[in-house]
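Q: The structure is given below, and queries will be raised subsequently.
Taken together, the values in this text are just the output of simple stated rules run on the coordinates, not laboratory data. Just so we're clear, the structure is a prediction, and the values are computed from it rather than from any experiment. So basically every Cβ, Gly included, is an ideal-geometry build from the backbone, and we count neighbours across all protein chains shown.
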Amino acid sequence: MIGIAILFIVLGILIKYGKMYFLIAGYNTMPKEEKYNIEGIANVFRNVMFGMALIIIIGFLVAKWTENSKVENYSFWASMIIGIPYLLIKSNSKKYKTSD
């Protein structure tokens, strides 16, 4: 699970600081008429990826501390159930759509 957390951290860094916006699904196929604040969306992606990684790491540490491996799985699925919908809703909000 730590590998997945590291993957999320790396993806967050690549999208935000590496400006690898092509990792955001649909960005390359977006019509030029639709303008979005990609820097703001990249911030959201970074924050959500870091948050999901943090939940997974905390779950891993608690699982090791309590010697209960189920906690690790619960934390992984909790990060997915919370993180993915939040990412989709927040990044598709009108806040990041720029007017012409």
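Q: Starting with the fewest neighbours, write out VAL71, VAL48 ranked by other beta-carbon atoms found within 10 Å of each beta-carbon.
A: Neighbour counts put them in this order, fewest first: VAL71, VAL48.
Q: What list do you get for TRP65, TRP77 if you sort them by fewest beta carbons within 10 Å?
A: Fewest to most other Cβ atoms nearby, the residues stand as TRP65, TRP77.
Q: Once you charge only the Cβ atoms, +1 for Lys and Arg and -1 for Asp and Glu, what is the size of the charge dipole of the chain about its Cα centre, to the nearest 20 debye?
A: 200
Q: Now for a different question. So what does log10 I(q)/I(0) come out to for the stretch 2-95 at q = 0.18, 0.20 Å⁻¹, using the Debye formula with one equal point on every Cα and no solvent?
A: Ignoring solvent entirely, the Cα scatterers give -0.80, -0.93.
Q: Measure nothing fancy, just the Cα-based angle from helix 2-16's long axis to the longest principal axis of the chain, in degrees from 0 to 90, nearest 10.
A: Value to nearest ten degrees: 20.
Q: Order these by the 10 Å Cβ neighbour count, fewest first: MET80, MET49. Mind showing how you got there, number by number?
A: Numbers: MET80 14, MET49 23.
Sorted ascending by nearby Cβ count, the order is MET80, MET49.
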